[in-house]
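In what follows, a structure is listed as structure tokens, so that the remarks can point back to it.
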Amino acid sequence: MVRVEKANTFVYNQLDKLLSDEKFFKEVVGRVNREHRILKENAIKERGVQEKSLEKIKVRQQRNHELYEDSEISREEFLTRREELNRQLCELREKQTETSMVILEEGKKEIPKETIREILKNFSRILSSDIDRTIRKRLLHLLISEITIDQHRNIDSIKLKLSDELIQFLQGYGGTPPDGAPSVFMFRELGIKTLDLELVLS
């Protein structure tokens, strides 16, 4: 649909803009991390609601015991209420565990801006060096996951995919820490299981 030369030129220009225009860079990276941040913030709010619900259940449990001790309810009624409250408590604690996992995982998915910048700088430096055409093609295939075009067959946007595989490939051609992109091992140390990040440039 689009000539390779035209696509490559667009990629090079957008990559240069991404690395030289701080406002554009923050806007692109902000879009990526915003989704994870919103999910994390929503989960934190949900955790607050769950904590209030937990307190209410505990109050009801205490009240149930008091009513039974004061002989205001029968043993059968006491046991029925206790069973129901324990069931509610169990379900709530399961939800709390799920919410905590969302907060933890979404927090880890937020990649620092400088980390992204270093990966892209590394890519740009290697791409502009004197490398074999096959290697250059492989590098572009690793970075670009999607190109969209408009009705006039002009490039509308490109989607860059930053992955473990890309970092490993870059390191194989001179992009090694600490001067270049962080290693996959360093991401593991940060608690990031895999690097799978998409940047949309338009």
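The values are calculated or read from the model by the stated rules, or taken from the named source; none is laboratory data. Source: prediction; values computed, not measured. Every residue, glycine as well, gets a Cβ built from its backbone with ideal geometry; the counts of neighbours run over all protein chains shown.
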Worksheet item: Taking region 149-172 as the region of interest, how many residues are touching a residue at least 40 places away in the same chain (Cβ under 8 Å) and part of a strand (DSSP E or B)?
Response: 8
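Matching residues to (1) basic (Lys, Arg); (2) farther than 30 Å from Lys52 by Cβ:
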site	(1), (2)
Thr80	no, no
Arg87	yes, no
Cys90	no, no
Ile103	no, no
Ile119	no, yes
Asn122	no, yes
Leu127	no, yes
Asp132	no, yes
Discussion item. Just to be sure before I move on: is Ser124 closer than 26 Å to Phe25 by Cβ, of a type in the set (Gly, Ala, Ser) and assigned to a helix (DSSP H, G or I) in the structure I sent?
Written reply: yes
Worksheet item: Among (1) farther than 30 Å from Ser163 by Cβ; (2) crowded, with 16+ Cβ neighbours inside 10 Å; (3) within 35 Å of the chain's Cα centre (by Cα), which single condition is Thr99 missing?
Response: (1)
Discussion item. Looking at region 84-133 only, could you name the residues that are β-branched (Val, Ile, Thr) and either closer than 28 Å to Glu35 by Cα or assigned by TED's automatic domain parsing to the domain that holds Glu46 (or both)?
Written reply: Thr97, Thr99, Val102, Ile103, Ile111, Thr115, Ile116, Ile119
Discussion item. Out of everything in region 162-179 that is surrounded by fewer than 17 Cβ atoms within 10 Å (Cβ to Cβ) and modelled with pLDDT of 70 or more, what residue ends up being farthest from Val28 (Cα to Cα)?
Written reply: Gln168
